[in-house]
Amino acid sequence: MTISWNEEWVQIAELDEDDQIRFTPAFRELMKDLGWEAKAFVGHLLGLWYDPFEHMLDYTSGEARHSEDQPGQFDRNGLDEPQEVVEYWAEQWSKNGQNHQPPHEAGTGLELDTAWYRDILRAKLVSMRIPKRLLLNYRDQVFAVIRRLESNME
């Protein structure tokens, strides 16, 4: 089935009254049993489907050296806590041109600063909507793989 406006969509994240990024209640409800794996999934959605991007939302407040943080404290927060995008991808993209290798580290080549790239990722996070069925498919498949792995260990 191809995506359609006629199906139920889930907003992934939103800004709260303090401009902190939080996963929406609908996303948390659907994905709460996955814990960190749900954050890894969203990290992949923010970037390419590339393993290091699963850490896109693993962030500690003190790790930012080049861009100003949003309010709040971050230490690899859970699904029900404020979220923040790591800086190191934005730092690489701000230094690298369009033809950089490997391509997942390529920037625009326009000498935009780290904060610009980080705000692009923040905006992408709070504007992302996914059909509910795709989230459910992902969640169910993660659990199926876990069950298979556990049964192979017995």
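If I filter segment 86-99 for residues that are touching an Asp or Glu at 6+ places or on another chain (Cβ under 7 Å) and closer than 29 Å to Ala26 by Cβ, do I get at least one hit? There is at least one residue in segment 86-99 that is touching an Asp or Glu at 6+ places or on another chain (Cβ under 7 Å) and closer than 29 Å to Ala26 by Cβ.
Which of the residues that make up segment 30-58 are closer than 13 Å to Gly78 by Cα and not in a helix (DSSP H, G or I)? Listed by number, the residues that qualify are Gly35, Leu57, Asp58.
Could you say whether any residue in segment 16-26 is within 16 Å of Tyr117 (Cα to Cα), charged (D, E, K, R) and either in contact with a Leu (Cβ under 7 Å, 6 or more places away or on another chain) or surrounded by fewer than 19 Cβ atoms within 10 Å (Cβ to Cβ) (or both)? No. Pairs only if they're at least six apart or on different chains, beta carbon under 6 angstrom, first in segment 72-99 and among the aromatic types (Phe, Trp, Tyr), second surrounded by fewer than 19 Cβ atoms within 10 Å (Cβ to Cβ) and outside any loop (DSSP other than H, G, I, E, B); list them, first residue then second. The qualifying pairs are Phe74/Ser61. Can you tell me which residues in segment 27-65 are crowded, with 17+ Cβ neighbours inside 10 Å, without any contact (Cβ under 8 Å) to a residue 24 or more places away in the chain and in contact with a Gly (Cβ under 9 Å, 6 or more places away or on another chain)? Glu54, the sole residue that qualifies. Only one of the numbered conditions (1) out of contact with any Lys or Arg (no Cβ under 6 Å at 6 or more places or on another chain); (2) more than 29 Å from Tyr138 (Cα to Cα) is violated by Arg22, and that is (2). Report whether or not Gln70 is at pLDDT below 85, surrounded by 20 or more Cβ atoms within 10 Å (Cβ to Cβ) and not β-branched (Val, Ile, Thr). Here the answer is yes, as Gln70 does meet what is asked.
So, in segment 120-146, of the ones that are among the charged types (D, E, K, R) and in contact (Cβ under 8 Å) with a residue 40 or more places away in the chain, which residue ends up surrounded by the fewest Cβ atoms within 10 Å (Cβ to Cβ)?
The extreme case among them is Arg129.
The values are calculated or read from the model by the stated rules, or taken from the named source; none is laboratory data. Fair warning: this is a prediction, and the values are worked out from it, not measured in the lab. Positions of Cβ are generated from backbone atoms using ideal geometry, with glycine treated the same way; all protein chains shown enter the neighbour counts.
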